[in-house]
Amino acid sequence: MSGDLEIRAARLEDLPEIARIQAASPEAAAWTPAGYLEYDCRIAWAGGLAAGFVAVRSVGEEEMEILNLAVDPAHRRRGVATALLGKVLKGWHGTVFLEVRASNRAARALYRKFGFRESAIRRMYYSDPQEDGIVMRWQSC
C-alpha cells in the first residue's frame with residue numbers, strides 16, 4: 001500500500017481525521033490534536049481516506065523527538081507506519097528519541113526495524129491504563 005500513499009503536511013482541516021485516528025489508537029500517545037500543528041505533523045492519505053499521521057518536534061540542532069505515530073486500524077499492517085517513519089528519518093542527521101508503551105510490541109518491533117534501540121524505562125509514564133514507557137533512540141550514521 002505504501003506506494004498508494006500521499007504523505008503531506010497536516011493542515012487545520014485534517015484535525016478531525018487526526019483526532020479520529022488517535023481515538024482509535026489507545027496504545028498511542030493522546031495529545032490535543034490541534035497541538036500537533038505547532039510541530040512537524042504529517043498525515044498519510046490512501047484512496048482519499050486518512051490512514052495515519054506522525055508528529056515530531058526538533059529539540060536541538062541535531063535532535064528530534066517523535067511525539068506520536070498512529071495508524072487507523074483499518075490501514076494497519078499495510079506499510080503506512082513504515083512510510084511515515086521513513087519520511088521523518090530520511091535525510092535526518094542526528095538523534096531521534098521517542099517513548100512507546102511497554103505493551104506495544106508491534107510499534108517496538110517497527111522502531112527496531114529502523115534501527116531504534118531501547119535506552120531507558122520511564123516507570124508509569126503512561127496513564128489510562130498506567131504503564132511504563134520505553135525510551136527508544138535512533139542515531140543517523
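What follows draws every value from the coordinates through simple rules; no lab data is involved. Just so we're clear, the structure is a prediction, and the values are computed from it rather than from any experiment. In this analysis, Cβ positions are derived from the backbone assuming ideal geometry, glycine residues included, and neighbour counts consider all displayed protein chains.
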**Asked** Which residue out of R122, R77 is of a type in the set (K, R), at positive phi and over 14 Å from the mean Cα position of the chain (by Cα)?
**Response** R77
**the stretch 4-14, residues that are assigned to a helix (DSSP H, G or I) and touching a Leu at 6+ places or on another chain (Cβ under 8 Å)** = L12
**Request:** Mind counting the residues in the stretch 51-84 that are surrounded by fewer than 21 Cβ atoms within 10 Å (Cβ to Cβ), out of contact with any helix residue (DSSP H, G or I) (no Cβ under 9 Å at 6 or more places or on another chain) and either in a strand (DSSP E or B) or among the hydrophobic types (A, V, I, L, M, F, W, C) (or both)?
**Result:** 7
**Request:** Just need a number here: residues in the stretch 107-141 that are of a type in the set (A, V, I, L, M, F, W, C) and over 25 Å from T82 (Cβ atoms).
**Result:** 2
**Fill in**
The one condition A23 fails out of (1) surrounded by 13 or more Cβ atoms within 10 Å (Cβ to Cβ); (2) under 29 Å from L12 (Cβ atoms); (3) small (G, A, S) is (1)
**Message:** Being of a type in the set (G, A, S), within 11 Å of the chain's Cα centre (by Cα) and assigned to a strand (DSSP E or B) is the filter here; which residues of the stretch 15-50 pass it?
**Reply:** none
**Request:** Residue by residue through the stretch 85-112, note down the ones that are exposed (fewer than 11 other Cβ atoms within 10 Å of the Cβ) and not in a loop (DSSP other than H, G, I, E, B).
**Result:** A109
